[in-house]
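Worksheet: the structure to be examined is printed underneath.
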Amino acid sequence: MMKHFWAYLQERFPLQANGVLIVSYFTANYFLALGAVLQDRQPLELSWRYFAGCLVLLFMFFHMRVIDEHKDYEQDRIVHPGRVLSRGLITLRQLQNMGIIAVMLELLLSSFLGFSAFVMCLVVLAFSWLIYKEFFIGRFLEGHLLANAFIHLLIMPAYCLYVFSAATESFFWLAPLPILLYAWVSYGVGLGYEVARKTRAPADERPGVITYSAVMGPYRSAGISLLALLFSGAVSVIVGAAMDFEWWYHAVVAALLAVVIFGVLNFRIKTTSATAGNLQIYAGMFIFAFDILLAVELILSYGVIWQ
């Protein structure tokens, strides 16, 4: 079973790629949380809390992957018959058990991180349960793909607030303004990436595979992805100003947005499989590079010590 589970992970939740993205995302949010509450630019403390919280976030993303597999199973069996789960090499029940183990580890590690982190972990779990239940409006969401994304991706700000609680031992409702703003940066980049990865050239659309481009047209889909990332960039500039970041931080944000704009314009001028694929690459690059940028700026501004 473990052999097939590993094959499933490699196919649907590759630890190498997801691990890098989750660690960079957690690191940026962790350092921002510390920097936002520290006085007189004291050094950021790196401790066991960082590693424990990072593991919790990894498990959170994995249990959401399990939820998505359950929601999409019937359709995926038809349109993706070659996947490990569709072939029955691993069953939904086995995957569910792995998800339960992940949730138990989230709760256990969060309890060590403090009551505030435990409470925020419960909030994330409650929200993921609502996602599993399609917020009890599944029929409506099926016919409104973009509204579906808007609602489901609200879990991204919840992740940010979890990191804040794990890093500072403060309840999420005490988060300062830069944290609340940055939570919506993560929402915007998540939306931009989600739409970009499901935008296809017309020749690549497949019967039964639901994409944003099939529902609303390829150019409108690409435009919505761009608007979401522009929103993230604008809010990140406000966060940078609130945190008194250096000028080069804002310059790099502008350069990253310029790359995304180029990708969308290139797709508009030359609509091919390659330019459609680049939309996802550029949106993913924006997420990763932005997290690294934020972490580097905070490290240079505050310094880091092992505690």
Quick one: would you say R83 is surrounded by 15 or more Cβ atoms within 10 Å (Cβ to Cβ) and among the basic types (K, R)? yes
Residue among F150, F171 that is farther than 30 Å from L38 by Cα and surrounded by fewer than 17 Cβ atoms within 10 Å (Cβ to Cβ): F150
If you check every pair at least six apart or on different chains, which have Cβ atoms under 9 Å apart with a residue in the stretch 137-148 that is on the phi < 0 side of the Ramachandran plot first and a residue that is at pLDDT 85 or above and part of a loop (DSSP other than H, G, I, E, B) second? L145/K198; L145/I210; L145/T211
Looking only at the stretch 2-44, which residues are among the acidic types (D, E) and either at pLDDT 90 or above or in the same structural domain as G99 (by TED's automatic domain parsing) (or both)? E11
Looking only at the stretch 1-32, count every residue that is surrounded by 13 or more Cβ atoms within 10 Å (Cβ to Cβ) and not in a helix (DSSP H, G or I) and tell me the total. 1
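Does A196 satisfy the condition of being assigned to a helix (DSSP H, G or I) and surrounded by 19 or more Cβ atoms within 10 Å (Cβ to Cβ)? Reasoning before the result, please.
Values: assigned to a helix (DSSP H, G or I): yes; surrounded by 19 or more Cβ atoms within 10 Å (Cβ to Cβ): yes.
For A196, the condition - assigned to a helix (DSSP H, G or I) and surrounded by 19 or more Cβ atoms within 10 Å (Cβ to Cβ) - is met.
Out of A283, A242, which single residue is in contact (Cβ under 8 Å) with a residue 24 or more places away in the chain and either more than 21 Å from the chain's Cα centre (by Cα) or loosely packed, with under 15 Cβ neighbours inside 10 Å (or both)? Give the derivation first.
Numbers: A283 fails: either more than 21 Å from the chain's Cα centre (by Cα) or loosely packed, with under 15 Cβ neighbours inside 10 Å (or both).
Residue meeting the stated conditions: A242.
If I go through the stretch 181-191 residue by residue, how many of them are surrounded by fewer than 21 Cβ atoms within 10 Å (Cβ to Cβ) and within 17 Å of F245 (Cβ to Cβ)?
Let us first name the residues in the stretch 181-191 that are surrounded by fewer than 21 Cβ atoms within 10 Å (Cβ to Cβ), namely 181, 184.
With the extra rule that they be within 17 Å of F245 (Cβ to Cβ), the set shrinks to 181.
Looking only at that region, the number is 1.
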Take the residues in the stretch 36-60 that are within 16 Å of S170 (Cβ to Cβ) and of a type in the set (A, V, I, L, M); name whichever of them is surrounded by the fewest Cβ atoms within 10 Å (Cβ to Cβ). L38
Look through A102, A126 and report the one residue that is part of a helix (DSSP H, G or I) and either polar (S, T, N, Q) or surrounded by 13 or more Cβ atoms within 10 Å (Cβ to Cβ) (or both). A102
Considering every residue within the stretch 151-173, establish whether at least one is in contact with a Cys (Cβ under 7 Å, 6 or more places away or on another chain) and either assigned by TED's automatic domain parsing to the domain that holds L55 or aliphatic (A, V, I, L, M) (or both). yes
Kindly provide the set of residues from the stretch 77-89 that are under 22 Å from M2 (Cβ atoms) and either among the aliphatic types (A, V, I, L, M) or assigned to a helix (DSSP H, G or I) (or both), ordered by number. V84, L85, L89
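The values are calculated or read from the model by the stated rules, or taken from the named source; none is laboratory data. Here the structure is a predicted model, which is why all the values come from computation and not from measurement. Methodologically, a virtual Cβ is constructed for each residue, glycine included, from the backbone with ideal geometry; neighbour enumeration extends over all protein chains shown.
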